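The values are calculated or read from the model by the stated rules, or taken from the named source; none is laboratory data. Note that the structure is predicted; figures quoted are calculated from it, not measured. Every residue, glycine among them, receives a Cβ derived from its backbone with ideal geometry; neighbour counts consider all protein chains shown. When the accessible area is computed, the model is the full protein with side chains, heavy atoms only, and any ligands, DNA or RNA have been set aside. Shrake-Rupley method; radii C 1.70, N 1.55, O 1.52, S 1.80 Å.
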Amino acid sequence: TEPRQMEQVLDVYEKPLDVDHPVVCVDEASRQLIAEIALPIPMEPGQPERFDYEYRRNGTVNLFMAFQPLLGFREVVVTDRRTSMDFAAFLKYLVDVIYFSATRLTIVLDNLNTHFRKSFDDVMGKRAAAKLLRRVQFHYTPKHGSWLNIAENELSSMTRQCVMRRRFATIEKLREQTTAWHQHSNARQRGVDWQFKVDDARVKLKSVYPKIEV
């Protein structure tokens, strides 16, 4: 099944830009909130901001990333938790708010258990879930192929550019900074030109395909 899932995702990335049927990649990651015990020493010429090695853990939060590669558009939402309810609310936000005018969304995501239909039924009820999911088509990356999800790469970029080596004591401060980051990136319309095709996969990753004995 893994080669089939991989090729389905690669076929999705071949689709041209279509505002009525956008391709959106979705991923999520946890982040530790850390409060300072001593005030950091401010930045000076030739010297970065310095932090005391002691800190207090303030729990973890979750970052959802939605990224439309061809348009160069991303949306980051920070939530207190990483549950089925949070993911269902995030997807509903994408469908009803961000892509309200789209006929149908093609979503690329990994196969975490909160990403399947049953979790939507459990959280929203079958009727509400069916209404939401009529406007969504999921394409799951293979179990060992999360690198195929472009949103994973975008999360990595945000981590390096916005949150790495920084301490956020509150969810509000992290929201403020990640919102500033995605708005700045969207203003530049920094998209992704995905070059890895199905033909490339069949050559370079032939070891994952089933062997046919003759």
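Restricting to the range 116-143, and then to whatever is of a type in the set (Phe, Trp, Tyr) and assigned to a strand (DSSP E or B), can you tell me which residue is farthest from GLN8 (Cα to Cα)?
Quick first cut of the range 116-143, residues of a type in the set (Phe, Trp, Tyr) only: 116, 120, 138, 140.
Subsequent filtering for residues that are assigned to a strand (DSSP E or B) retains 138, 140.
On the way: PHE138: 11, TYR140: 9 Å.
Filtering the range 116-143 for residues that are of a type in the set (Phe, Trp, Tyr) and assigned to a strand (DSSP E or B), the one farthest from GLN8 (Cα to Cα) comes out as PHE138.
State all residues of the range 118-156 that are among the charged types (D, E, K, R) and within 18 Å of GLU28 (Cα to Cα); if no residue qualifies, say none.
Those that are among the charged types (D, E, K, R) and within 18 Å of GLU28 (Cα to Cα): LYS143, GLU152, GLU154.
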Scope the range 60-100; condition free of Cβ contacts under 8 Å to residues at least 40 places away in the same chain, part of a helix (DSSP H, G or I) and open to solvent by 30 Å² or more (accessible area, probe 1.4 Å); matching residues: SER84, MET85, ALA89, TYR93, ASP96, VAL97, ILE98
Lone unmet requirement of (1) open to solvent by 50 Å² or more (accessible area, probe 1.4 Å); (2) modelled with pLDDT of 95 or more; (3) in contact with a Phe, Trp or Tyr (Cβ under 8 Å, 6 or more places away or on another chain) for ARG134: (3)
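Considering only residues that are open to solvent by 20 Å² or more (accessible area, probe 1.4 Å) and in a loop (DSSP other than H, G, I, E, B), which ones fall in the range 101-115?
Keep residues of the range 101-115 that are open to solvent by 20 Å² or more (accessible area, probe 1.4 Å), which gives 101, 103-104, 110-113.
Within the range 101-115, SER101, THR103, ARG104, ASP110, ASN111, LEU112 meet the criteria.
I'd like the residue in the range 137-162 that is aromatic (Phe, Trp, Tyr) and surrounded by 14 or more Cβ atoms within 10 Å (Cβ to Cβ) and, out of all such residues, is farthest from ARG104 (Cα to Cα).
Initially, the range 137-162 is screened for residues aromatic (Phe, Trp, Tyr), giving 138, 140, 147.
Next, only the ones that are surrounded by 14 or more Cβ atoms within 10 Å (Cβ to Cβ) stay: 138, 140.
Details: PHE138: 11, TYR140: 17 Å.
Ranking the qualifying residues of the range 137-162, first place goes to TYR140.
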Residue ID - most open to solvent (accessible area, probe 1.4 Å), chosen from residues in the range 163-214 that are assigned to a loop (DSSP other than H, G, I, E, B) and among the acidic types (Asp, Glu): GLU213
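Out of the range 63-86, which residues are over 11 Å from the mean Cα position of the chain (by Cα) and over 18 Å from PRO16 (Cβ atoms)?
Once the filter is applied, which keeps residues that are over 11 Å from the mean Cα position of the chain (by Cα) and over 18 Å from PRO16 (Cβ atoms), the range 63-86 yields VAL78, THR79, ASP80, ARG81, ARG82, THR83, SER84, MET85, ASP86.
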